Structures are given as structure tokens and as C-alpha cells.
1. Mind counting the residues in region 90-117 that are within 30 Å of residue 43 (Cβ to Cβ) and within 13 Å of the chain's Cα centre (by Cα)?
2. Test each condition in (1) assigned to a strand (DSSP E or B); (2) in contact with an Asp or Glu (Cβ under 8 Å, 6 or more places away or on another chain) for residue 37 and report the one that comes out false.
3. Anything in region 12-27 that is part of a loop (DSSP other than H, G, I, E, B) and either more than 14 Å from the chain's Cα centre (by Cα) or closer than 14 Å to residue 58 by Cα (or both)? List them, or say none.
4. Restricting to region 117-153, name every residue that is of a type in the set (A, V, I, L, M) and in a strand (DSSP E or B).
5. Determine if region 129-139 includes at least one residue that is over 18 Å from the mean Cα position of the chain (by Cα) and either surrounded by fewer than 16 Cβ atoms within 10 Å (Cβ to Cβ) or in contact (Cβ under 8 Å) with a residue 60 or more places away in the chain (or both).
6. Any chance region 46-56 includes a residue that's surrounded by fewer than 17 Cβ atoms within 10 Å (Cβ to Cβ), on the phi < 0 side of the Ramachandran plot and free of Cβ contacts under 8 Å to residues at least 24 places away in the same chain?
7. Among the residues of region 13-33, how many are farther than 20 Å from residue 108 by Cα and buried (at least 20 other Cβ atoms within 10 Å of the Cβ)?
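The values are calculated or read from the model by the stated rules, or taken from the named source; none is laboratory data. Every value quoted in this text rests on a predicted model; they were computed, and no experiment measured them. Ideal geometry is used to build each Cβ from the backbone, glycine not excepted, and the neighbour counts take in all protein chains shown.
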Amino acid sequence: MNKYPIVDVLPHRDPMILIDSLDYYDIDSCVCHVSISKDSPFFDDKYVGVPSYIGSEYMAQTIAAHAGALALDNKEPVTIGFLLGSRKYKTFNPYFLLEEQFVVSVKLLYLEDSGLSVFECEIKDLAHNIIAQANINVFQPTDAAAFINESAL
């Protein structure tokens, strides 16, 4: 495993980089870290946290970090993918609260040659309590620009 800064493995740019670090990855899985601060995108001052539905984007960005790290390992460019949806997104708290830290883990369940894949995802606090879980469906075409242009027709 190589140690990549999160900005190098995500096709996102500020202010839409929502995860803090890539902690671990291998061919089938990835682990990232998220810390909640007042500067976190989507932070809600009224509830002193980030709404837990944003967890689906934390999961999606961890999947993107996985794809980006594997691409860099193969000397390929980091490219965009598409979040198609989730199955059974379940959260156990309404907000990720100020100064809490979370570990986001994803594991590849299914991959097609077309670029369609399914990941089993979890968000845990540092005490290893599950805060959110889902299966996330994503699509990463071989040529994203061509796919976008073709889809626009």
C-alpha cells in the first residue's frame, strides 16, 4: 500500500472533499478517516454536527479514494465515477457531532467488466460502534468523458 494524500486520490476538489485521509487500501477494500469540525461541509450550527445522511457521501468518497489509489498504483490517472444509489442506508444517529471522528470502510462485493460495482460500507466511531451502514452501487466507465458526451445525446 502506498501512502497518498486524499487530494491525490479523489477527483473532487475543495470544498467538496469531505473525507480527511486515506488510511488503508488493498485490491478489495479501503478505509478512510473523517473528523467533524465547524469547517466540515454541511455542518449545521443548530444541531452542532453534520446530518447523518451525508454519510452516504463519505462512503462514496471512500470508494472513490479506493479507485484513485489503485489507479495511481497502476500509473493511471484518477478518473470520476458515478454514485448510482444505495441499498438499505441505515444510520443510528441523526448527526455526526462536532469533534467526533469516524472510520469509513468499504469492501468490494461485486464488480462487472463494464465498471459497475457494489460495495458494502460502514461508518464506525473510534470505539468501533457502527454509526451507519449501506451497500453502495457505483459506476466507473473506462472513458468517463466519452460516457458523459454519449449520455448527453
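1. 6
2. (1)
3. 12, 14, 15, 16, 17, 18, 19, 20, 26, 27
4. Across region 117-153, the qualifying residues are 118, 123, 130, 131, 132, 134, 136, 138.
5. yes
6. For region 46-56, residues surrounded by fewer than 17 Cβ atoms within 10 Å (Cβ to Cβ), on the phi < 0 side of the Ramachandran plot and free of Cβ contacts under 8 Å to residues at least 24 places away in the same chain: present.
7. Looking only at that region, the number is 1.
A quick yes/no check of all residues on (1) surrounded by 12 or more Cβ atoms within 10 Å (Cβ to Cβ); (2) within 26 Å of residue 38 (Cβ to Cβ):
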| site | (1), (2) |
| --- | --- |
| 67 | yes, no |
| 70 | yes, no |
| 77 | no, no |
| 106 | yes, no |
| 119 | yes, no |
| 125 | yes, yes |
| 141 | yes, no |
| 149 | no, no |
